[in-house]
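Each remark here refers to the structure printed beneath this line.
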Amino acid sequence: MRRFDGVNAQVLGISVDSVPSLKAWAESLGGISYPLLSDFYPHGYVARLYGVLRPEGTSERAIFVIDRQCTIRYVDVHPIDDQPDNEVLFQVLAEIEGTAYTAAVRQAEPVQVQSRAKAVAGATAQAEVVMYCTDWCPACKRARAFLEMHGIPYREINISRDREAAARLRHWTQGYETTPTFEINGEVVINFDRQRLITLLGIQE
């Protein structure tokens, strides 16, 4: 289980697209913070069970919150271009757990912070590097390896645990939780843009 604002929950994305299509979409965003499932064959079977399969074979954009007893506790079907209100979802999750939302926020897990003290010659050792990431994101793993290989100190903020940081990230990325995203001395770099990081950090390769 992942924890969101003190509430046990697992986010899953499901689409009627094929596995290769989902993989390409996730990679185009630089990785996403939750697993994706394919409802491609039998086509739309799960979407049909949940009543959100359109006649043309695509699915509605919908959110379902399901409790541990497999009971649907919340449904939101909305236009494809609309961005759902995550705060409403956190309220629903907190209610399922039997705790007030404000209490859930106070009990949120501490931000994961990792520091690397060593810096190689030629790198901008004094640069303040913050990486917004998740445990699940493959590109985040590559970014960690890149920074550590070059001895770049950085702070790591897990947006699955720090929802204020996630909101800040969505502001930068037009509503998406794109990871990894970097903040380097106040400049934002979206996705694992290796060349941009090399330039900003003064890395010699």
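The values are calculated or read from the model by the stated rules, or taken from the named source; none is laboratory data. If you're wondering where the values come from, they're calculated on a predicted model, not measured in any experiment. Neighbour counts are summed over all protein chains in view; Cβ atoms, including those assigned to glycine, are modelled from backbone coordinates with ideal geometry. Ligands, DNA and RNA are stripped out before the accessible areas are found, and what is left, the full protein with its side chains, is counted by its heavy atoms. Shrake-Rupley method; radii C 1.70, N 1.55, O 1.52, S 1.80 Å.
Data overview
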item: Normalised contact order of region 1-97, rounded percent, pairs of Cα under 8 Å and 6 or more residues apart; result: 21
item: Heavy-atom accessible surface of region 122-201: percent carbon and sulfur, 1.4 Å; result: 47
item: Label point at K141 placed 7 Å out along Cα→Cβ; residues across region 166-204 whose backbone nitrogen lies under 19 Å; result: 178-181, 191-194
item: Lys, Arg +1 and Asp, Glu -1 on Cβ, resulting dipole of region 37-100 about Cα centre, debye, nearest 20; result: 340
item: Accessible-area composition of region 15-78, carbon plus sulfur, in percent [1.4 Å probe]; result: 57
item: Segment E148-L37, length gained on full extension (0.36 nm per residue, minus Cα span); result: 36.8 nm
item: Using a Förster distance of 30 Å, the FRET efficiency for I80-V188 (Cβ separation, nearest 0.05); result: 0.70
